[in-house]
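Beneath this line is the structure, given in C-alpha cells, with notes to follow.
Derivation of every value follows stated rules applied to the coordinates shown; laboratory data play no part. None of the values given here were measured: they were computed from a predicted structure. Backbone-built Cβ (ideal geometry, glycine too); neighbour counts: all protein chains shown.
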Amino acid sequence: MGFIGVHVSIAGGIYNAVSEGIRTGCEAIQIFTANQRTWDVKSPSDADVKKYIDDFKNSGLKKAVAHDSYLINLASTDGAKLAQSRNAFYEEMERVQALKLDGLVFHPGSYRGGTLEQGLDTVAESMNLALSRVKKFNSKLLLEITAGTGNTIGGNFEEAAYILDKVKDKERTGVCFDTAHAYGAGYDLKNEYEKIFKKFDSVIGLEKLLCFHANDSMVPLGSKKDRHQHLGQGEIGIEFFRKLINDKRFKDTPVIMETPDENDMDIKNIKLMKSLRKK
Ligand SMILES: [Zn+2]
Ligand SMILES: [Zn+2]
C-alpha cells in the first residue's frame, strides 16, 4: 500500500531526480523544482523539463510531488514579503504544471506580527489568488500539517480545515500529512492510530489526504518542535508506520521520507518501509 519514496536531489539537472529515485528504490519521489534557498530562482530549461518527463515516463515511478521553497510565507503580515511570496508561489505552480507533477506541498506560513485569524485568512487568499492566476493548474496544492511551532500555521487539523474551506477551488486542494509534525503538534500517532485518522476524517475529510511525509520524530509528543528522525528510530516508532503502509485507505498515496541521506540512509529507509508491507 502507498507509494514509498524519499525527497530526492535535483543537483546537476531536474531529470537527475528520476535516476536518484530509481537508484534509491523509490516508487514515488518528492523534489524541489528549483533552488529552495534563494528568491532568485532559475526555472529548468524546456529541454531539461522534457528530459525529466521522458525519463519519468520510463522509470516505473508512480507519483511525483514538489515541495515549495522554505522562503515562501503565504501568511506574511509584511506586504512586500507577502507579494514576493505569492509571486514565487505562482512560479512554483508553473514549474509543477510544466513537469506534470501530482502535487505541490507547501507550508501554510507564519502569522508573526498579526493574529492567527488574519494569518489563516491570508493563506486562503493566497491560495485563491494563486489558483485564479494559474488557471489551467492540473495538479493539487497540498497544505502541509505542521508542528505548530511559535506562530506557524497548520499545527492542528482545524486550522487546515478552516483554510481549505475558504478556498473556492476544492478540486485542486488537499493536505500533506507529515507524521513527525503531527506528533510534535500533539497527535499521538503511536498510541491512537485509528482515533487520529477518524479525527482527520471528521475535521478535514480523508479524501483530502493526498500525501504523507513519513518521518519519525526526534522530539516528544506535543513538543511543538519539528525534528525528523529515520524510520523506526524516533519517538513514533516502527509500529505506526507498519499500520500506515498497510492501510488500504492510503493505497495510492505517496509516502515520502525526508531524513538526511548520510550513509545510504535513503536506500535503507526505503528497504525497511517496503519490508513492513504484509505479503
Ligand atoms: Zn514540508
Ligand atoms: Zn519537518
When every residue in the range 208-232 that is within 15 Å of ligand 2 (Cβ to nearest atom) and of a type in the set (Lys, Arg) is compared, the one nearest to residue 6 (Cα to Cα) is 227
Return the total of residues in the range 175-186 being buried (at least 24 other Cβ atoms within 10 Å of the Cβ) and more than 13 Å from ligand 1 (Cβ to nearest atom).
2
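Residue-by-condition table, conditions (1) assigned to a loop (DSSP other than H, G, I, E, B); (2) in contact with an Asp or Glu (Cβ under 8 Å, 6 or more places away or on another chain):
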| site | (1), (2) |
| --- | --- |
| 30 | no, yes |
| 39 | yes, no |
| 52 | no, no |
| 55 | no, no |
| 72 | yes, yes |
| 77 | yes, no |
| 86 | no, no |
| 96 | no, no |
| 108 | yes, yes |
Given the criteria among the hydroxyl-bearing types (Ser, Thr, Tyr), away from ligand 2 (no atom under 12 Å from the Cβ) and farther than 14 Å from residue 5 by Cα, does residue 202 qualify?
yes
Examine the range 89-105 for a residue that is polar (S, T, N, Q) and over 16 Å from residue 172 (Cβ atoms), and state whether such a residue exists.
no
Please enumerate the residues belonging to the range 62-85 that are away from ligand 1 (no atom under 16 Å from the Cβ) and surrounded by fewer than 21 Cβ atoms within 10 Å (Cβ to Cβ).
62, 77, 78, 79, 80, 81, 82, 83, 84
Determine whether residue 12 is under 21 Å from residue 264 (Cα atoms), of a type outside the set (D, E, K, R) and surrounded by fewer than 18 Cβ atoms within 10 Å (Cβ to Cβ).
yes
